[in-house]
Amino acid sequence: MLDIQKIRADFPILSEKVNGKPLIYFDNGATSQKPQVVIDAEAKYYQEINANIHRGVHTLSQLATDAYEISRVKLQHHINAKFSHEVLFTSGTTHGINLVANGFASILKPGDEVLVSSLEHHSNIVPWQMLCEKTGAVLKVIPINEEGELIISEYESLLSEKTKIVTVNHISNALGVINPVKEMIAKAHAVGAAVLIDGAQAVPHLKPDVQDLDCDFYAFSGHKMCGPTGTGILYGKEAWLNKLPPYQGGGEMIKEVTFEKTTYADLPHKFEAGTPNIAGGIVLGTAVDYLNEVGFGNIQLQEKKLLEHATKRLLEIEGLRIYGNGKNKASVVSFNIDGIHPYDIGSIIDKLGIAVRTGHHCAQPIMNFFCIPGTIRASFSFYNTKEEIDEMVEAVKKAKTMLS
Ligand code: C6P
């Protein structure tokens, strides 16, 4: 059992006031808050070991390099990758997905198929559309049902030997639905397709085991899992990373450069051109340590309670509809109230210190499916409480009365 008050004391921002009211932060899907250890680790890096990595013989450069590489190994163990060179530092999920999509330009031929789902964030749609435009490949889409779940029988019938890559999120950002990715990966492999999992919304809630999932790529962002913005990881199976061409050219990703020919560095450096976010990469390791100390079992228990409480309390409000009601859900409630624009509710409750996201959540196809302009999304973290949810419910009721 978590001592929530003790946990909350780790996050300085949670005792701030917003618009004169104690902050209630329910926009964890957009970015999580940061514990003091993470904030301190960032300052400590700049105060004590700031230097460029993989370049200098001097002591500071070696200290920074060691800290960066230790963090890579930490991340490797966290996601259970076989090798640390399968773990690439990126600036976030978007960067990781673009890296893979760009690499597939050298693999796809006209008529090949790329399979995405209707539940994707724009970051996992647009790079694939761009790839298809470039290569003549065809984008196919796995549909969803009224509960916001992927229709697996439709997925099966879309798969064929033409499918070269399937790219799907582990957890939907807009609805919180958890997709049966392990089963989907096995089905894709049966037709010879590679699979990329967008884990942006999964990593705050669970510890992905990339070997057990058997995914070919797994992309996520550090800032949604208590780490700094501008950090992320792309996991790729060694064989795939060796097969794909580099994404960006520059310093650090080469073996030898002449004007006639450049040869590329071994993994992971082949995909890490230029000076990276060194402090961020190191501190992402600190964030992962923090989450593991809290424990993903504890996180899941707390978040399950919050999800159940929020669902029950919100449904007390007449005219309120929740989108995404599948059995497997993360702690996200996406809802609307009949006849009221989500933005209006979001703006009123913000005045009461409550931060939720309103709009299409960078997932317009989902909104189009439900024929709505957007939703109000409350996304909970383990540091949230039932009392905060009760305050949000009262605030939403107040907003409804004002707007009706
Ligand atoms: N979703 C949200 O409020 P970046 O911006 O690269 O860190 O993550 C992009 C991304 C990719 N996939 C999924 C499933 C995501 O949820 C996100 C980010 C945030 O839902 C900000 S738009």
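Rule-based calculations on the coordinates, nothing more; no lab input. Since the model is a prediction, treat every value here as computed from it, not as a measurement. Backbone-built Cβ (ideal geometry, glycine too); neighbour counts: all protein chains shown.
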Open item on the list: Filter Lys34/Lys305; Lys207/Lys386; Lys74/Lys329; Lys140/Lys207 down to the pairs with a C-alpha to C-alpha distance above 26 Å, please.
Closed with: Lys74/Lys329; Lys140/Lys207
Task: Likely footprinting exposure, Arg72, Arg8, fewest C-beta neighbours within 10 Å first - done: Arg8, Arg72
Task: Amide H contacts under 5 Å for Ala137, placed H, 5+ residues apart - done: Gly111
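Would you please name the GluC sites (Glu not before Pro) within the stretch 14-102 that are DSSP coil residues with at most 14 other C-beta atoms within 10 Å of their C-beta?
On the way: sites: Glu16, Glu42, Glu48, Glu69, Glu86; in loops: Glu16.
Loop-located and lightly packed - Glu16.
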Task: Whole-number D in µm²/s for the chain (Stokes-Einstein; Kirkwood sum over Cα pairs; 25 °C, 0.890 mPa s) - done: 111
Task: DSSP-defined antiparallel bridges as percent of all bridges, the stretch 49-292, nearest 5 - done: 45
Task: Unit charges at the beta carbon, dipole of the stretch 49-292: most positive-side option, Gly103, Val114, Thr163 - done: Gly103
Open item on the list: Angle check, please: helix 181-190 long axis (alpha carbons) against the longest principal axis of the chain (alpha carbons), in degrees 0 to 90, nearest 10.
Closed with: 40
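Mean residue ellipticity at 222 nm from the helices of the chain, using -39,500 (n - 2.57) per DSSP H segment of n ≥ 4 over the full residue count, to the nearest 500 deg cm²/dmol? Write down the numbers at each step before the final one.
Working: 14 runs with 156 residues, N = 404.
About -11500 deg cm²/dmol.
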